[in-house]
Amino acid sequence: MEVKFEITEEDYIQFNLIHIQNSPSQKKMYHLLRYAIPLLFTIPIYIIGTMVFNQPRMYWMIIAVFFALIWMITYPKQYKKLIEKQTKKLLKEGDNSSIFGEKTMVIDENDITVFGEFTSEKVAKNSIKDIKISDDLILIYLSGISAQIIPTRYLNDESRKQLLAKLNFNGNEEF
């Protein structure tokens, strides 16, 4: 089977977002930053307001709780923007021509070969660690941190099913 596709900067950013959202260590850090930080800051806000400014306790309790709630509600969007910004910054630091551009993936009985303008990569199908599927991407993980990215915009339903069958994918790893 042969699949032709093009990887853009947006695809790569999307891959990083998906990977970070599904990484156990990153999930732990995300939840710590989303919930623990605002709870820790509510105490100093309350203490400064009541003891330093000598204002009503209820007033500063409401402000502290309001701060925590606003942080917890807005943090996911802030986190996503931060990841996008950092990924774009990293991509500008060097030559990434081998990551982007038109690719051709050839899948035979035992191997997957991906040809790009500047690269060629061949891996055994049995070296696939995991396959994750989103609305926009099919990610074929070859290790815990690297994956072959296939944008689904180049696949119709039938070719998508054929691709997953060729990859011996029979799970439900959609997210």
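The set of residues in the stretch 14-30 being surrounded by 11 or more Cβ atoms within 10 Å (Cβ to Cβ), without any contact (Cβ under 8 Å) to a residue 40 or more places away in the chain and more than 19 Å from SER143 (Cα to Cα) consists of MET29 alone. Checking ILE107, ILE133, ILE138 one by one, the residue that is buried (at least 17 other Cβ atoms within 10 Å of the Cβ), more than 23 Å from the chain's Cα centre (by Cα) and at pLDDT 90 or above is ILE107 and no other. Screening the candidates GLU158, GLU102, GLU109 for the property of being assigned to a loop (DSSP other than H, G, I, E, B), of a type in the set (D, E, K, R) and either within 21 Å of MET1 (Cβ to Cβ) or in the same structural domain as ASN16 (by TED's automatic domain parsing) (or both) yields one hit, GLU109. Restricting attention to the stretch 53-81 and to residues that are closer than 14 Å to LEU17 by Cα and loosely packed, with under 11 Cβ neighbours inside 10 Å, the residue that is nearest to the chain's Cα centre (by Cα) turns out to be LYS81. Could you please let me know if PHE67 is in contact (Cβ under 8 Å) with a residue 24 or more places away in the chain, among the aromatic types (Phe, Trp, Tyr) and under 30 Å from ILE133 (Cα atoms)? No: the conditions fail for PHE67. Could you tell me whether THR50 is surrounded by 14 or more Cβ atoms within 10 Å (Cβ to Cβ) and either touching a residue at least 12 places away in the same chain (Cβ under 8 Å) or outside any helix (DSSP H, G or I) (or both)? Here the answer is no, as THR50 does not meet what is asked.
The values are calculated or read from the model by the stated rules, or taken from the named source; none is laboratory data. Small disclaimer: the values here were computed from a predicted structure and weren't measured. Glycine also receives a Cβ, built like all others from the backbone with ideal geometry; neighbour counts cover every protein chain displayed.
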